[in-house]
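I have placed the structure first, in the form of structure tokens, so that the comments after it can refer back to it.
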Amino acid sequence: MEQFIFDSWTSLFRTLGIGLLSYVVLMLQLRLSGKRTLSKMNAFDFVVTIALGSTLATMLLSKDVTLADGTAAFALLIFLQYSITWLSVRSEKIQHLVKAQPALLLYKGKFMEEDMQRERITKEEILAAIRSQGIGNVHNVDAVVLETQGNLSVIQKTEDGSGSVLQNVKPNQL
């Protein structure tokens with residue numbers, strides 16, 4: 001029972017030392033990789049973040065994983081994330097593979113029912129997003145878009161209808 005609560009001072013100091021060093025290494029590598037590594041997450045970014053956390057936990061708690069092994073794992077994950085984002089900026093095919101496309105959920109007062117169902121968004125959630133923008137009538141809204149990071153953007157109608165921000169949004173039901 002004693003080992004369950006406390007194993008040894010050596011084990012405790014190893015965990016503290018590895019934790020401090022691995023934290024410093026991770027922060028340095030993230031800073032070197034650029035702002036994009038820590039930006040709003042798409043699915044790929046989320047997976048990398050979970051993998052980094054898992055690697056850090058393994059480094060902290062497993063005596064079989066050295067600081068060098070964990071640092072190499074951090075570097076590999078950050079390199080993969082950097083490479084995929086670098087490629088996605090240069091290749092539309094990679095970008096479509098890695099990033100979700102925005103989805104049009106409401107357009108000119110009409111709810112896009114199929115898109116709402118596919119994206120698992122309710123009419124109430126869309127109405128709440130409209131209200132949160134201080135808009136009291138759906139007819140004052142040009143569109144509501146589910147963005148790639150999962151947030152809802154509400155686009156108000158403009159007087160002249162010019163300058164549309166819906167260029168990369170492909171409506172399925174228009």
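The values are calculated or read from the model by the stated rules, or taken from the named source; none is laboratory data. This one's a predicted model, so the numbers in the text were calculated from it and none came from an experiment. Backbone-built Cβ (ideal geometry, glycine too); neighbour counts: all protein chains shown. Ligands, DNA and RNA are stripped out before the accessible areas are found, and what is left, the full protein with its side chains, is counted by its heavy atoms. Shrake-Rupley method; radii C 1.70, N 1.55, O 1.52, S 1.80 Å.
Laid out as a table, the results:
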| quantity | calculated |
| --- | --- |
| Conditions (1) open to solvent by 40 Å² or more (accessible area, probe 1.4 Å); (2) closer than 30 Å to Thr10 by Cα; number of the one not met by Lys108 | (2) |
| Single unsatisfied condition, Met116 versus (1) closer than 30 Å to Ser54 by Cβ; (2) at pLDDT 90 or above | (1) |
| The stretch 117-146, residues that are touching a residue at least 24 places away in the same chain (Cβ under 8 Å) and over 25 Å from the mean Cα position of the chain (by Cα) | Val138, His139, Val141, Asp142 |
| The stretch 52-105: number of residues that are open to solvent by less than 30 Å² (accessible area, probe 1.4 Å) and of a type in the set (Phe, Trp, Tyr) | 1 |
| Those strands (runs of 3 or more DSSP E) lying entirely in the stretch 102-157 with at least 1 residues touching a Ser or Thr at 6+ places or on another chain (Cβ under 6 Å) and of a type outside the set (D, E, K, R) | 141-146 |
| Check on Thr85, assigned to a helix (DSSP H, G or I), among the polar types (S, T, N, Q) and either at pLDDT 85 or above or under 22 Å from Thr148 (Cβ atoms) (or both) | yes |
| Contacts under 8 angstrom Cβ, first residue in the stretch 9-30 being more than 11 Å from Leu52 (Cα to Cα) and in contact (Cβ under 8 Å) with a residue 24 or more places away in the chain, partner open to solvent by 50 Å² or more (accessible area, probe 1.4 Å) and charged (D, E, K, R), 6 or more apart | Ser11/Lys63; Arg14/Lys63 |
| Cβ pairs under 6 Å, 6+ apart, first in the stretch 39-59 and within 15 Å of Val25 (Cα to Cα), second open to solvent by 40 Å² or more (accessible area, probe 1.4 Å) and at pLDDT below 80 | none |
